[in-house]
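Just so you know, all these numbers are worked out from the coordinates, no wet-lab data involved. Predicted, not measured: the structure shown is a model, and the values here were computed from it. Positions of Cβ are generated from backbone atoms using ideal geometry, with glycine treated the same way; all protein chains shown enter the neighbour counts.
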Amino acid sequence: MELSEAAPRKRWVRPIVIALIAVLVLTGSAAVFAGARYLGNIQRLSDVFAGLVDSNRPVGDDATTFLLAGSDSREPETDVAALGANGPANQRADTLMLLRISADGKSSQLISIPRDSWVDVPGYGYNKINAAYAFGGPALLIKTVEQVTKVRVDHFAVVDFQGFKNITDLVGGVTIVSAGEYGLTRGAHHMSGEEALAYVRERKHLPNGDFDRVRRQQVYLRAMLREVKAQHVYKDPAKLDRILRAATSSIAVDDNLSYPEMVKLAMTLGGLNESDMSFFLAPVAGYGMEGEQSVVYLDAIQCDVIFKLFREGKLGADSGFETLPPDPAV
């Protein structure tokens with residue numbers, strides 16, 4: 001079976017959650033100017049960790065780990081707080097990424113988990129990992145991810161469609177540099193919000209289907225980080241204000257994340273360079289069908305290794321796992 005056939009038919013954009021990283025970077029730049037003016041605009045999600053028994057959860061450390069999720073709701077005007085609640089039963093987490101920020105703030109690692117991964121959802125048996133979101137909201141999704149990865153989730157965040165598109169436009173678009181991989185022709189491609197959205201949503205016509213789309217998401221994220229850094233937007237207060245208003249109104253985070261922690265985290269991310277962030281994919285053993293569902297089977301042995309390195313802060317380009325290569329010279 002081809003990957004494109006194994007991928008689900010949902011049309012909602014998965015990588016909108018990528019915009020969260022750009023938002024935090026931008027907020028870091030703005031903290032010295034506005035502080036709570038923008039942080040207070042971020043919607044808060046309550047009871048995200050409700051029902052999770054601390055003694056049954058993985059042990060954490062001084063690093064900060066986010067579970068980043070995007071809903072497959074097809075309504076761009078949907079409130080991000082509603083996306084993060086125990087809401088509509090037909091909503092599934094269309095994006096799943098774990099982001100770890102080191103305690104010293106000098107590095108970060110991001111692992112994308114295929115949304116179709118066939119796993120044991122606590123209380124519901126085996127199903128796609130993103131079904132946990134529909135069954136029990138963020139709390140069950142966090143419990144499921146922690147069970148699969150043995151990584152403790154410190155915070156949860158969701159980003160909506162309009163935020164992804166608007167942030168791209170407000171920074172003047174992003175430039176994707178391709179060596180001809182992931183279904184994009186060789187060269188530099190400057191994209192508006194609409195064009196970038198089409199780039200990260202495409203799946204059916206990509207050689208490796210949903211997995212090329214995951215890589216496109218990561219390429220976009222890197223391009224966005226580069227654009228934000230290059231523009232020094234903090235030197236243009238009017239532009240910065242527009243960007244921050246659009247960005248912070250498009251994200252929601254758990255209410256366990258205090259405003260002082262937000263500022264500290266944002267300043268940390270704002271200080272990271274492109275080379276300080278590494279991008280990985282959860283190792284996959286194969287693809288198949290479970291009933292009428294096309295699913296992804298994670299490689300249990302390799303996943304044990306990569307998530308152990310992730311937990312210990314030792315996951316890097318020299319770990320032997322596929323990481324996003326640097327932009328080619330074209």
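If the segment from residue 126 to residue 305 were pulled out straight at 0.36 nm per residue, it would be longer than the present Cα-Cα gap by 62.2 nm. Computed over neighbours whose Cβ is under 12 Å from that of residue 283, the net charge equals -3, Lys and Arg +1, Asp and Glu -1. Ordering 323, 305, 268 by Cα displacement along the dipole of region 235-330 toward the positive end leaves 268 in first place; charges were set at the Cβ atoms of Lys, Arg (+1) and Asp, Glu (-1).
Of 264/314; 165/229; 106/229, which pairs sit farther than 21 Å apart, going by alpha carbon to alpha carbon?
Details: 264/314 23 Å; 165/229 19 Å; 106/229 16 Å.
Beyond 21 Å: 264/314.
Quick one: grab the alpha carbon gyration tensor of region 143-203, order the square roots of its eigenvalues as a ≥ b ≥ c, and give me rounded if a/c is under 1.5, else prolate or oblate depending on whether a/b is larger than b/c. Oblate.
Within the shell defined by Cβ-Cβ distances under 12 Å, the residues around residue 254 carry a net charge of -3, with Lys and Arg each +1 and Asp and Glu each -1. Using only the Cα atoms of region 167-319, construct the convex hull and provide its projected area averaged over every direction, in square nanometres to one decimal. The orientation-averaged projected area of the Cα hull of region 167-319 comes to 12.1 nm².
Which of rounded, prolate, oblate describes region 119-245, given a ≥ b ≥ c as roots of the alpha-carbon gyration tensor eigenvalues and a/c under 1.5 marking rounded, otherwise prolate only if a/b is larger than b/c? The partial results should precede the final answer.
Working: a/c = 2.61, a/b = 1.49, b/c = 1.75.
Because a/c hits 1.5 or more and a/b fails to exceed b/c, region 119-245 counts as oblate.
For residue 60, the shell of other residues with beta-carbons less than 13 Å away shows a net charge of -1, using +1 for Lys and Arg and -1 for Asp and Glu.
Cα extents for region 252-330 along the principal axes, largest to smallest and rounded to whole angstrom: 47, 40, 30. The ellipsoid that matches the Cα gyration tensor of region 89-154 has semi-axes, each √(5λ) in whole angstrom, of 24, 11, 10, with the longest given first.
Its residue count N fixes a reference of 2.2 N^0.38 Å for region 198-281, and the Cα radius of gyration divided by that reference is 1.33.
Computing FRET efficiency as 1/(1 + (r/R0)^6) for residue 190 and residue 318, where r is the C-beta to C-beta distance and R0 is 35 Å, gives about 0.60.
Modelled spin labels at residue 55 and residue 205, positioned 7 Å past Cα toward Cβ, are 5.7 nm from each other.
Full extension of the chain between residue 169 and residue 103 gives 20.5 nm of extra length, using 0.36 nm per residue less the Cα-Cα distance. Relative to its residue count, region 260-299 spans a Cα convex hull of 131 Å³ per residue.
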